[in-house]
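What follows is a single structure, written as structure tokens, with notes after it.
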Amino acid sequence: MIVYQATKTTFLDDNDNRNIEDVINAAYVQKTGRYASDAEFKSWAASLREMSRVLRDPQIPDDIGVGIEFGIPQTAMRIDFILSGADDTGTPHVVIVELKQWSTSKLSDKDGLIVANRGGRSETEGPHPSYQAWSYAALLNGFNEAVYESGTALRPCAYLHNYRDDGIIRDARYTPYLDKAPVFLKGEEELKLLRDFIKKHVRKGDKGELLYKIENGRIRPSKMLADSLGKMLKGNQEFILIDDQKVVYETCLARAEQASETRKQVVIVKGGPGTGKSVVAVNLLVALTKRGQVTKYVSKNAAPRAVYANKLAGQVRRVEVSNMFSGSGGFHEATPNTFDTLVVDEAHRLNAKSGLYGNLGENQVMELIRSAKCTIFFVDDDQIVTLADIGHTKELIHWANAAGADITTLELSSQFRCNGSDGYVAWLDNWLGIRETANTDFDRDSFDFRIVDSPVELHDLIREKNKINNKSRVVAGYCWDWKSKKDPNAYDIEIPEFGYRAQWNLSVDGSLWITAENSVEQVGCIHTCQGLELDYVGVIIGPDLAHHNGHLVAHPSKRSKHDRSIRGYKSKAKKDATMESRADIIVRNTYKTLMTRGIKGCFVYVDRVHNGQQHD
């Protein structure tokens with residue numbers, strides 16, 4: 001969707017004889033059915049007048065295409081300003097301009113990010129304008145058939161018309177993106193440089209025909225993108241399919257091929273921790289993309305999305321690959337059957353409502369099924385770890401039936417984590433009180449499980465194991481406040497009787513903590529390791545799970561106030577008699593999930609003394 005489309009002549013006329021912001025606003029209402037925010041309206045007024053200055057150059061053809069607010073399909077992203085035409089050889093060219101009203105910014109330590117006021121009340125960290133412009137070009141080149149089939153050259157740039165060069169916006173750390181998408185700033189010399197950039201790439205006009213073709217171009221992954229994904233997966237031992245994984249994979253491919261708008265397919269793949277749900281999911285994403293299907297890997301948790309996208313992408317196709325990984329909260333606005341197949345990993349983590357305040361949409365399961373011809377859910381009911389998680393098997397079946405979909409239920413049973421020890425997982429269920437099993441112990445020679453006497457010993461063990469291949473980490477129940485969020489020098493997890501202090505991982509490394517270098521010093525939680533695996537995991541069991549008279553007793557109230565997993569369970573329990581038991585099982589499920597992250601071993605420390613509470 002392009003909100004406004006014209007030629008240079010018409011665009012300048014709308015600037016001279018009408019308020020351009022009113023023209024864009026009217027077009028926005030017509031195209032979207034809703035009103036733009038005040039911030040957007042003001043940005044149009046300021047930035048589009050600046051672009052009219054840029055285009056008032058007789059050497060820029062009068063009949064070049066001008067597009068404003070071009071929505072990139074299947075994303076919430078919009079390109080601010082886009083120009084179309086051709087170079088001297090007749091090769092079609094598109095110039096992408098990311099517009100910003102910034103006047104200042106601050107450096108970030110993270111790749112491609114910068115701190116600035118993005119229209120809110122405070123400064124926030126986000127993509128550098130050059131990164132943004134380049135990423136938009138990469139998405140068009142990877143998914144818009146009209147672009148890659150025509151050989152259209154995409155030339156991104158950024159224009160910060162209020163910003164005078166202060167050495168920050170063009171800092172050397174942003175060079176890789178500045179080289180791909182130059183940034184132009186305030187001043188007449190900068191205005192001239194931007195004009196020269198446009199004139200270099202768009203020498204002939206096309207009356208906006210290329211913009212029309214792009215707007216109406218079929219959305220499907222390019223062969224180049226599909227081939228590069230296949231090469232990243234090929235020969236990677238981590239993604240080789242074994243035993244029942246192969247059966248599930250082939251069955252899912254068959255259902256995806258059978259699916260249509262009139263005969264939806266829903267596949268529910270059940271499997272415990274370590275059975276390879278994510279391995280199959282990533283293989284399906286790649287295979288379906290190679291078959292030309294519009295496919296996304298969906299997970300509510302950001303960590304698995306970031307880690308698997310990073311493993312597949314390398315460096316060359318990072319943006320396109322990242323776009324194929326999505327959270328679960330953006331489908332309430334999706335047009336029905338937009339996607340051929342959605343591969344939903346960790347489906348048990350789906351929520352009813354979406355949005356930061358839980359006020360958008362109706363039900364994520366329903367919205368996902370509605371959005372695709374085929375929806376493949378990977379689910380483990382024993383990994384529901386928050387009160388908001390609704391994606392249990394019964395819920396999936398309910399909404400599949402409501403959509404009139406054909407339902408296929410499959411199961412992954414072979415255990416590939418925990419050194420293939422089904423006995424360990426069954427023993428864990430019994431020990432944690434999740435369900436009674438006959439496994440009062442397991443083969444200790446098959447899996448390195450130890451309960452250690454101190455968190456210091458635990459962390460030292462993990463550090464030593466991590467030296468081998470950077471695949472060992474410490475995790476903990478979310479029983480300690482996240483103090484380091486506001487004070488980078490503060491420690492979060494403190495167990496004074498052992499002199500142990502550590503920080504949560506939710507800072508610089510973010511969702512890639514589990515693979516980042518040196519992050520072994522930090523401690524992860526359920527939100528950044530669920531759906532992922534390690535060689536060795538060290539687990540600190542906090543005071544939310546205590547040992548009393550030979551039994552483990554859950555104490556949900558001992559969770560940190562910063563943890564939203566069971567927030568409000570006490571007040572909800574007054575109206576819902578099941579709330580206490582739900583909070584109890586969430587505590588137990590959390591530790592089962594943490595204690596099954598390791599392939600080769602799990603070391604556990606149980607915090608017996610915390611905040612003055614003594615547990616036996």
*Is one or more of the residues making up the stretch 483-491 part of a helix (DSSP H, G or I), under 19 Å from Tyr591 (Cα atoms) and within 29 Å of the chain's Cα centre (by Cα)?*
no
*Out of Lys199, Lys186, report the one residue that is out of contact with any strand residue (DSSP E or B) (no Cβ under 6 Å at 6 or more places or on another chain) and outside any helix (DSSP H, G or I).*
Lys186
*What residue, among those in the stretch 446-482 that are over 22 Å from Thr590 (Cβ atoms) and aliphatic (A, V, I, L, M), is surrounded by the fewest Cβ atoms within 10 Å (Cβ to Cβ)?*
Ile468
*Criterion: within 26 Å of Lys192 (Cβ to Cβ) and in the same structural domain as Tyr131 (by TED's automatic domain parsing) - qualifying residue of Ser105, Ser37*: Ser105
_Please verify whether Tyr569 is at negative phi, crowded, with 22+ Cβ neighbours inside 10 Å and among the hydroxyl-bearing types (Ser, Thr, Tyr), treating the condition exactly as stated._
no
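Within the stretch 527-545, which residues are in contact with a strand residue (DSSP E or B) (Cβ under 8 Å, 6 or more places away or on another chain) and modelled with pLDDT under 90?
Just the residues of the stretch 527-545 that are in contact with a strand residue (DSSP E or B) (Cβ under 8 Å, 6 or more places away or on another chain), to begin with: 529, 533-545.
Selection gives Cys529, Glu533.
Does at least one position in the stretch 340-358 carry a residue that is outside the structural domain of Arg567 (by TED's automatic domain parsing), of a type in the set (Lys, Arg) and touching a residue at least 60 places away in the same chain (Cβ under 8 Å)?
yes
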*Being under 30 Å from Ala577 (Cα atoms) and small (Gly, Ala, Ser) is the filter; apply it to the stretch 381-426 and report the residue that is modelled with the lowest pLDDT.*
Ala426
*Among the residues of the stretch 432-487, write down those that are free of Cβ contacts under 8 Å to residues at least 40 places away in the same chain and among the hydroxyl-bearing types (Ser, Thr, Tyr).*
Thr437, Thr440, Ser446, Ser484
*asked:* Here is a list: Ser507, Ser560. Which entry is at pLDDT 90 or above, part of a loop (DSSP other than H, G, I, E, B) and either surrounded by fewer than 22 Cβ atoms within 10 Å (Cβ to Cβ) or out of contact with any Gly (no Cβ under 8 Å at 6 or more places or on another chain) (or both)?
replied: Ser560
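State yes or no: is Val307 crowded, with 20+ Cβ neighbours inside 10 Å, under 16 Å from Gly531 (Cβ atoms) and touching a Cys at 6+ places or on another chain (Cβ under 9 Å)?
No; evaluated as a whole, the condition is false for this residue.
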*With respect to Ala352, is the statement that it is buried (at least 16 other Cβ atoms within 10 Å of the Cβ), more than 28 Å from Pro221 (Cβ to Cβ), touching a helix residue (DSSP H, G or I) at 6+ places or on another chain (Cβ under 9 Å) and hydrophobic (A, V, I, L, M, F, W, C) true?*
yes
*Residue list for the stretch 235-249, filter: of a type in the set (Val, Ile, Thr) and in a helix (DSSP H, G or I)*: Val247, Val248
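The values are calculated or read from the model by the stated rules, or taken from the named source; none is laboratory data. As the structure is a computational prediction, the values presented were derived from the model and not from experiment. Ideal geometry is used to build each Cβ from the backbone, glycine not excepted, and the neighbour counts take in all protein chains shown.
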